[in-house]
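**Student:** Below: one structure in structure tokens.
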Amino acid sequence: MTNDVVGDWRKWLVFDLLPVSIFPPLCRPLSLRSAYLSSISNFTLTCWQLPSRAFSSVSDSPDDLFNYSPGRWLVNDDLRLAEHRREFDVDELCRLAAQSVGRSSQAIDTFVKLTEGDFNRTFLLTMHGGFEMVARIPHPVTVPKFYAIASEVATTCFLRSSGLPVPEVYDYSPSSDNVAKTEYIFMEFMRSTKLSDVWLELEELDIVSALRHLALLESRMISIPFPAGGSLYYTNELEKVAGRTCVPLNDKRFCVGPDARLHMWFGRRLQLDVDRGPYEIAEAALVATARKELMHLEQFGRPLLPFRRERREAYGYKEQSPSDHIKNFERYLLIASRSSPRTQPSVISPSNVIVSTSSDSNQLKIVGLLDWQHASILPALLLAGIPGRLQNYDDPVSQVLIPPSPPANMDELGQSEQSHAMGLCHRRLVHFHYFKNTEEYNKLHHDALPDPASMFICRLFDQAGAPREGEAHALKTTLIEATEIWGRLTGVGVPCPVAFEPDDLAKMKELSAKLQVADENFEGCRGMVGFETETWVSNEHYAMAIAPAELPKLRVLTEIPEEEVRAKTEANWFLNDMDEKDHM
């Protein structure tokens, strides 16, 4: 890696783990391991009516406040519900919340469960006179507890002090060692409209307006310099954790400390003594995520069947040794230490975006950016590109940036065809206008958007940090691709440090074809089941989803004549409950 790339730290906070995106939910994670890929938040109507008398005299059971209530899972439902159950002292949490804004607990009218995501439960407190605030507590499985809370608070307060539209934090505790018996954050309630709630209904004018404002916010954020990579903390908060170093910002109240992204701490990785930052050179951030996985495999790795059961047939239902994956991480470390992509500016990924309509222009504008948990500062070369939920790179029309429009024969199409055409047009509009607004309002980022090398390195970096799922395929195929395009990544004269044998390449090609068939069959089964998102189903649809979920299984099994194959298919059906602990 060149000294220019190592030394350049113009970067921004990347949000890999978002409780709410600006799009409606697309995928409910099977477990916490995939929660960093996609997650959603749901509204629930549980309301705790608080009397004016002392909380200790409340006799109503608060159990609904402790349990996850928006939906159920078709796989490992009991485990998922247990992961999301959090008991705490309701009376004391309310007392602390009121105290944080200079009020007494008797001033609270209602305590309402507002939203639930994969990592947190959020409550709305309403007080006499109509004042509203929110209290957020993490689920038991949210990691790393101290760093996740402390970093989110510091990040929120830092951005607010920089003039960004984020809520005010009233008080917080990164430890459960308090009278409420839970970690918590008390903050300002921003009453407005979630962009995710209206996104698919927006006309082009509002899409342009929202993306213009997003580009302006990104431009402001990208100009904030950081001295190192990792996550933000209050300096005095991090000093409480013995043995932790930090790199101070110009505003000495804040510092860069350990990387709080979920996959750096997931499962037994929490036990590892590995470098999680702060990263004072870019190469350190590039290699830390892979070294963490390498150490995890060396300490805890054992032969495993793929976590994704629909893919097990492609592997002959054989457990996969961790040795091949260990070789892949060693290859990645060689590539990461020798590649020299051009220095890139960075870009914020959309978080929970709150919007309202401007009274003077009647146009949609962003009034709040929420949910900064697990945010981290990374090298600029890892962050350039259209955010994943806004990009439409697979579409040739989007690739050449042609202004999109609905088909001329829209009136002649059937209902399903019209729906598909409008959805495609919407995706093209978002991609096109994000690019155009970035071109006009955020030149630093725009100049990096067309660079395929940075986009490839981002993909390679993400795969090197993903928890092992009993497969080595995704990382290995990307490493193979790196050897094929090495000249474009590094320029002339830099030899590639990695090579693959012809037999190895042939086997990977054969496996890729089998996995593609498995993935296509899986999508077909999902379509037959018809549940809302992977295995998560809303409460009102749960009972109706149970029976249809069995139909694809019965249909597939009746078409398999061989008893042994049928038995393996049934034992590895993707909607069976399973033991996940070995994949942690």
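**Student:** Would you be able to tell me the number of residues in the stretch 322-379 that are modelled with pLDDT under 80, touching a Lys or Arg at 6+ places or on another chain (Cβ under 7 Å) and assigned to a helix (DSSP H, G or I)?
**Tutor:** So the count comes out to 0.
**Student:** Can we say Val75 is part of a loop (DSSP other than H, G, I, E, B) and in contact with a Ser or Thr (Cβ under 9 Å, 6 or more places away or on another chain)? Let's see the steps before the verdict.
**Tutor:** Details: part of a loop (DSSP other than H, G, I, E, B): yes; in contact with a Ser or Thr (Cβ under 9 Å, 6 or more places away or on another chain): yes.
So Val75 passes the test.
**Student:** Determine whether the stretch 54-71 contains at least one residue that is touching a Phe, Trp or Tyr at 6+ places or on another chain (Cβ under 8 Å), assigned to a strand (DSSP E or B) and within 27 Å of Ala375 (Cβ to Cβ).
**Tutor:** Yes, because at least one residue in the stretch 54-71 is touching a Phe, Trp or Tyr at 6+ places or on another chain (Cβ under 8 Å), assigned to a strand (DSSP E or B) and within 27 Å of Ala375 (Cβ to Cβ).
**Student:** Please enumerate the residues belonging to the stretch 257-275 that are of a type outside the set (A, V, I, L, M, F, W, C), in a loop (DSSP other than H, G, I, E, B) and either open to solvent by 10 Å² or more (accessible area, probe 1.4 Å) or more than 23 Å from Pro227 (Cα to Cα) (or both).
**Tutor:** Looking only at the stretch 257-275, we keep the residues that are of a type outside the set (A, V, I, L, M, F, W, C), and these are 257-259, 261, 263, 267-269, 271, 273, 275.
Those left that are additionally in a loop (DSSP other than H, G, I, E, B): 258-259, 261, 273, 275.
Once the filter is applied, which keeps residues that are of a type outside the set (A, V, I, L, M, F, W, C), in a loop (DSSP other than H, G, I, E, B) and either open to solvent by 10 Å² or more (accessible area, probe 1.4 Å) or more than 23 Å from Pro227 (Cα to Cα) (or both), the stretch 257-275 yields Asp273, Asp275.
**Student:** Using the structure shown, decide if Glu168 is open to solvent by 50 Å² or more (accessible area, probe 1.4 Å) and in contact with a Pro (Cβ under 8 Å, 6 or more places away or on another chain). Lay out the reasoning, then the answer.
**Tutor:** Details: open to solvent by 50 Å² or more (accessible area, probe 1.4 Å): yes; in contact with a Pro (Cβ under 8 Å, 6 or more places away or on another chain): no.
So Glu168 fails the test.
**Student:** Since Thr477 meets every condition but one in (1) of a type outside the set (D, E, K, R); (2) within 30 Å of Arg291 (Cβ to Cβ); (3) in contact (Cβ under 8 Å) with a residue 40 or more places away in the chain, which condition does it not meet?
**Tutor:** Among (1) of a type outside the set (D, E, K, R); (2) within 30 Å of Arg291 (Cβ to Cβ); (3) in contact (Cβ under 8 Å) with a residue 40 or more places away in the chain, Thr477 violates only (3).
**Student:** Would you say Arg253 is in contact (Cβ under 8 Å) with a residue 24 or more places away in the chain and either open to solvent by 80 Å² or more (accessible area, probe 1.4 Å) or within 19 Å of Thr155 (Cα to Cα) (or both)? Outline the logic, then answer.
**Tutor:** Working: in contact (Cβ under 8 Å) with a residue 24 or more places away in the chain: no; either open to solvent by 80 Å² or more (accessible area, probe 1.4 Å) or within 19 Å of Thr155 (Cα to Cα) (or both): yes.
Answer is no for this residue.
**Student:** Cβ-Cβ distance below 7 Å, separation of 6 or more or different chains: which pairs start in the stretch 196-222 with a residue that is in contact (Cβ under 8 Å) with a residue 60 or more places away in the chain and end on one that is of a type in the set (Ser, Thr, Tyr)?
**Tutor:** Short answer, once both residue conditions are applied: Ser196/Ser21; Leu211/Tyr434; Arg212/Tyr441; Ala215/Thr438; Ala215/Tyr441; Leu216/Tyr441; Ser219/Tyr441; Ile222/Ser346.
**Student:** Kindly indicate which of Val208, Val153 is assigned to a helix (DSSP H, G or I), open to solvent by 20 Å² or more (accessible area, probe 1.4 Å) and of a type in the set (A, V, I, L, M, F, W, C).
**Tutor:** Values: Val153 fails: open to solvent by 20 Å² or more (accessible area, probe 1.4 Å).
Within the list Val208, Val153, the selection yields Val208.
**Student:** Turning to a different aspect of this structure: Can you name the condition, by its number, that Thr245 falls short on among (1) surrounded by fewer than 22 Cβ atoms within 10 Å (Cβ to Cβ); (2) among the hydroxyl-bearing types (Ser, Thr, Tyr); (3) in contact with an Asp or Glu (Cβ under 6 Å, 6 or more places away or on another chain)?
**Tutor:** (3) is the only condition that Thr245 fails.
**Student:** So, in the stretch 104-124, of the ones that are part of a strand (DSSP E or B), in contact with a Cys (Cβ under 7 Å, 6 or more places away or on another chain) and not aromatic (Phe, Trp, Tyr), which residue ends up nearest to Pro174 (Cα to Cα)? Give the derivation first.
**Tutor:** Initially, the stretch 104-124 is screened for residues part of a strand (DSSP E or B), giving 108-116, 120-124.
Still in the running and in contact with a Cys (Cβ under 7 Å, 6 or more places away or on another chain): 108, 110-112.
Keeping just the survivors that are not aromatic (Phe, Trp, Tyr) gives 108, 110, 112.
On the way: Ile108: 24, Thr110: 25, Val112: 22 Å.
Only one residue tops the list, namely Val112.
**Student:** Still on this structure: So Asn76 passes all but one of these: (1) under 24 Å from Thr535 (Cβ atoms); (2) in contact with a Pro (Cβ under 9 Å, 6 or more places away or on another chain). Which condition number does it fail?
**Tutor:** (2)
**Student:** Still on this structure: From the set of residues in the stretch 304-320 that are outside any helix (DSSP H, G or I) and out of contact with any strand residue (DSSP E or B) (no Cβ under 8 Å at 6 or more places or on another chain), which is most open to solvent (accessible area, probe 1.4 Å)?
**Tutor:** That would be Lys318.
**Student:** Looking at the stretch 158-172 only, could you name the residues that are under 14 Å from Tyr234 (Cβ atoms), touching a residue at least 60 places away in the same chain (Cβ under 8 Å) and either assigned to a strand (DSSP E or B) or touching an Asp or Glu at 6+ places or on another chain (Cβ under 9 Å) (or both)?
**Tutor:** Filtering the stretch 158-172 down to residues under 14 Å from Tyr234 (Cβ atoms) leaves 158-161, 169, 171-172.
Filter again for touching a residue at least 60 places away in the same chain (Cβ under 8 Å), leaving 158-159, 161, 171.
Across the stretch 158-172, the qualifying residues are Phe158, Ser161, Asp171.
**Student:** Kindly establish whether Pro144 is at pLDDT below 95, surrounded by fewer than 20 Cβ atoms within 10 Å (Cβ to Cβ) and not aromatic (Phe, Trp, Tyr). Don't jump to the end; show me each part of the working.
**Tutor:** Details: at pLDDT below 95: yes; surrounded by fewer than 20 Cβ atoms within 10 Å (Cβ to Cβ): no; not aromatic (Phe, Trp, Tyr): yes.
No; evaluated as a whole, the condition is false for this residue.
**Student:** Find all pairs meeting these conditions: Cβ atoms under 8 angstrom apart; at least six residues apart or on different chains; first residue within the stretch 554-574 and touching a residue at least 40 places away in the same chain (Cβ under 8 Å); second residue open to solvent by 100 Å² or more (accessible area, probe 1.4 Å) and part of a helix (DSSP H, G or I).
**Tutor:** Lys568/Glu313; Thr569/Glu313; Asn572/Glu313
**Student:** Give me the pairs, please: first residue somewhere in the stretch 386-407 and on the phi > 0 side of the Ramachandran plot and in a loop (DSSP other than H, G, I, E, B), second residue anywhere and open to solvent by less than 50 Å² (accessible area, probe 1.4 Å) and at pLDDT 85 or above, beta-carbon distance under 9 Å, and either six or more positions apart or on two chains.
**Tutor:** That search, which allows pairs on different chains as well, returns Leu401/His431; Leu401/Phe432; Leu401/Phe435.
**Student:** Of all residues being hydroxyl-bearing (Ser, Thr, Tyr) and part of a loop (DSSP other than H, G, I, E, B) in the stretch 173-192, which is modelled with the lowest pLDDT? Just the residue, please.
**Tutor:** Ser192
**Student:** Output yes when any residue across the stretch 193-204 is open to solvent by less than 20 Å² (accessible area, probe 1.4 Å), outside any loop (DSSP other than H, G, I, E, B), touching a strand residue (DSSP E or B) at 6+ places or on another chain (Cβ under 7 Å) and closer than 24 Å to Arg253 by Cα, and no when none is.
**Tutor:** no
**Student:** With the requirement that a residue be in contact (Cβ under 8 Å) with a residue 40 or more places away in the chain and among the charged types (D, E, K, R), what does the stretch 295-326 give you?
**Tutor:** Within the stretch 295-326, Arg302, Arg308, Arg309, Glu310, Arg311, Arg312, Glu313, Glu319, Asp324 meet the criteria.
**Student:** Return the only residue of Ser173, Ser219 being farther than 30 Å from Ser405 by Cβ and either hydroxyl-bearing (Ser, Thr, Tyr) or open to solvent by less than 20 Å² (accessible area, probe 1.4 Å) (or both). First the steps, then the outcome.
**Tutor:** Working: Ser219 fails: farther than 30 Å from Ser405 by Cβ.
Going through Ser173, Ser219 in turn, the sole match is Ser173.
**Student:** Looking only at residues in the stretch 535-578 that are among the small types (Gly, Ala, Ser) and either open to solvent by 50 Å² or more (accessible area, probe 1.4 Å) or farther than 23 Å from Pro70 by Cα (or both), which one is farthest from the chain's Cα centre (by Cα)? Break it down stepwise before answering.
**Tutor:** First pass over the stretch 535-578, keeping only residues among the small types (Gly, Ala, Ser): 538, 543, 545, 547, 549, 567, 571.
Filter once more, keeping what is either open to solvent by 50 Å² or more (accessible area, probe 1.4 Å) or farther than 23 Å from Pro70 by Cα (or both): 543, 547, 567, 571.
Details: Ala543: 29, Ala547: 31, Ala567: 36, Ala571: 31 Å.
My answer is Ala567.
**Student:** Residues of the stretch 280-302 being at pLDDT 90 or above and either within 12 Å of Met264 (Cβ to Cβ) or assigned to a loop (DSSP other than H, G, I, E, B) (or both), which ones? So that I can check it myself, show each step before the final result.
**Tutor:** Start the filter on the stretch 280-302 by keeping residues that are at pLDDT 90 or above, which leaves 287-302.
Ala288, Thr289, Ala290, Arg291, Lys292, Glu293, Met295, His296, Gly301, Arg302 - these are the residues of the stretch 280-302 that are at pLDDT 90 or above and either within 12 Å of Met264 (Cβ to Cβ) or assigned to a loop (DSSP other than H, G, I, E, B) (or both).
The values are calculated or read from the model by the stated rules, or taken from the named source; none is laboratory data. Keep in mind it's a predicted model, so treat the numbers as computed, not measured. When we count neighbours, we look across all protein chains shown, and the Cβ atoms used for this are built from the backbone with ideal geometry, even at glycine. SASA here: full protein model, heavy atoms, side chains in, ligands and nucleic acids out. Shrake-Rupley method; radii C 1.70, N 1.55, O 1.52, S 1.80 Å.
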